[in-house]
Amino acid sequence: MTIDTHYTTVDSPVGPLLLTADPAGTLTSLSVPGQKGGRGVQDGWHHDPGPFREAEEQLAAYFAGELKEFRLELRSEGSEFRERVWAALDTVPYGATTTYGEIAARIGAPRAAVRAVGGAIGANPLLILRPCHRVIGADGSLTGYAGGLERKTRLLALEGALGA
């Protein structure tokens with residue numbers, strides 16, 4: 001059984017954003033060009049900007065510095081471990097950063113699970129909306145980001161999360 005996927009593309013300061021949703025309009029992914037593991041338009045998908053109007057408005061407000069928390073219906077599918085990591089990402093506030101180790105601790109995973117936490121964060125299908133860009137290295141370095149380090153830097157700068 002295939003899921004009926006709707007999609008649209010939205011312009012943004014970090015490049016075009018590909019959004020997908022299920023038939024009910026629940027967002028299932030947000031990808032950027034060149035994203036590691038990102039989605040691309042597939043045969044059988046329906047181009048329909050209708051279900052994405054609210055997301056488009058909220059993304060525009062976010063990039064204008066007027067919105068700090070998205071209020072959109074999101075759905076992602078992953079292992080139980082990934083779902084726990086993604087839920088922890090949802091708690092990292094605008095303008096703040098956290099580390100892979102802090103996310104591991106937040107979900108009750110052992111310190112040795114930091115690499116697995118990084119893998120789950122890298123597999124986040126909802127870039128920007130689920131703020132994986134707010135996760136940095138324990139030493140404060142801007143470690144990997146599936147959307148590219150330049151985008152990560154721009155998002156953190158927008159949120160005022162980069163030190164002066």
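All of the numbers you see were taken from the coordinates with simple rules; none came from a lab. A quick note: this is a predicted structure, and the numbers were derived from the prediction, not measured. Backbone-built Cβ (ideal geometry, glycine too); neighbour counts: all protein chains shown.
Values as computed for the structure displayed
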{"item": "Condition check for L129: touching a Phe, Trp or Tyr at 6+ places or on another chain (Cβ under 6 Å) and of a type in the set (A, V, I, L, M, F, W, C)", "result": "yes"}
{"item": "Any hit, segment 55-63, residues being touching a residue at least 40 places away in the same chain (Cβ under 8 Å) and assigned to a loop (DSSP other than H, G, I, E, B)", "result": "no"}
{"item": "Checklist (1) touching a strand residue (DSSP E or B) at 6+ places or on another chain (Cβ under 6 Å); (2) more than 27 Å from L149 (Cβ to Cβ); (3) among the hydroxyl-bearing types (S, T, Y) applied to T20, failing item", "result": "(2)"}
{"item": "Residue that is in a helix (DSSP H, G or I) and over 24 Å from L72 (Cβ atoms), where the choices are G118, G140, G144", "result": "G118"}
{"item": "Single residue of segment 60-111 satisfying the filter (over 24 Å from T26 (Cβ atoms) and in contact with a Leu (Cβ under 8 Å, 6 or more places away or on another chain)) that is surrounded by the most Cβ atoms within 10 Å (Cβ to Cβ)", "result": "I103"}
{"item": "Scan of segment 147-164 for residues that are small (G, A, S), assigned to a loop (DSSP other than H, G, I, E, B) and without any contact (Cβ under 8 Å) to a residue 24 or more places away in the chain, ordered by number", "result": "G163, A164"}
{"item": "Segment 106-135 residues that are closer than 12 Å to R82 by Cα, paired with ones that are among the hydroxyl-bearing types (S, T, Y) and part of a loop (DSSP other than H, G, I, E, B) (beta carbon under 7 Å, 6 or more apart)", "result": "P125/S76"}
